[in-house]
Amino acid sequence: MDEVIRAAAVLVVVMGLVAALAALLRGGGPGGAMAVLLDFLVAAGLLRLSLAQTWTAIAVATLTIVIRKVVVAGFSLRTRPAAPLPVGSD
């Protein structure tokens, strides 16, 4: 059963790469593609976590989720464009 779960985790990672590339090519932008990829990586991490129930595995899964949240939040921040300078001011 362990081999099946490991193979499924690898398959989920590959599917994540393909889905992220598809999202990028369909105009989702790098933020959308990264969010898709990180969702798949979280899924693969949770599959691996079902095999090794150690604190290290739990920490890796937690770190993956935190990184996903930070990256997606960073991509979702919108910067306001700078106000144009008045004409004639140097």
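The table that follows gives values for the structure above.
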| read-out | value |
| --- | --- |
| Residue within region 53-62 that is open to solvent by 40 Å² or more (accessible area, probe 1.4 Å), modelled with pLDDT of 85 or more, aliphatic (A, V, I, L, M) and touching a Gly at 6+ places or on another chain (Cβ under 9 Å) present | no |
| Every pair of residues 6+ apart whose Cβ atoms lie under 8 Å, when the first sits in region 3-21 and is of a type in the set (Lys, Arg) while the second is assigned to a helix (DSSP H, G or I) and at pLDDT below 95 | ARG6/ARG48; ARG6/LEU51 |
| Residue in region 19-33 that is in contact with a Gly (Cβ under 6 Å, 6 or more places away or on another chain) and at negative phi present | yes |
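Per-residue answers, yes or no, for (1) basic (Lys, Arg); (2) buried (at least 18 other Cβ atoms within 10 Å of the Cβ); (3) in contact with a Cys (Cβ under 6 Å, 6 or more places away or on another chain); (4) modelled with pLDDT under 85:
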| position | (1), (2), (3), (4) |
| --- | --- |
| GLY16 | no, yes, no, no |
| ALA22 | no, no, no, no |
| GLY28 | no, no, no, yes |
| GLY32 | no, no, no, yes |
| PHE40 | no, yes, no, no |
| GLY45 | no, yes, no, yes |
| ILE65 | no, no, no, yes |
| SER76 | no, no, no, yes |
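The values are calculated or read from the model by the stated rules, or taken from the named source; none is laboratory data. Quick caveat: nothing in here was measured; it's all calculated off a predicted structure. So basically every Cβ, Gly included, is an ideal-geometry build from the backbone, and we count neighbours across all protein chains shown. Remember, those area values only see protein heavy atoms, side chains included, never the ligands or the DNA or RNA. Shrake-Rupley method; radii C 1.70, N 1.55, O 1.52, S 1.80 Å.
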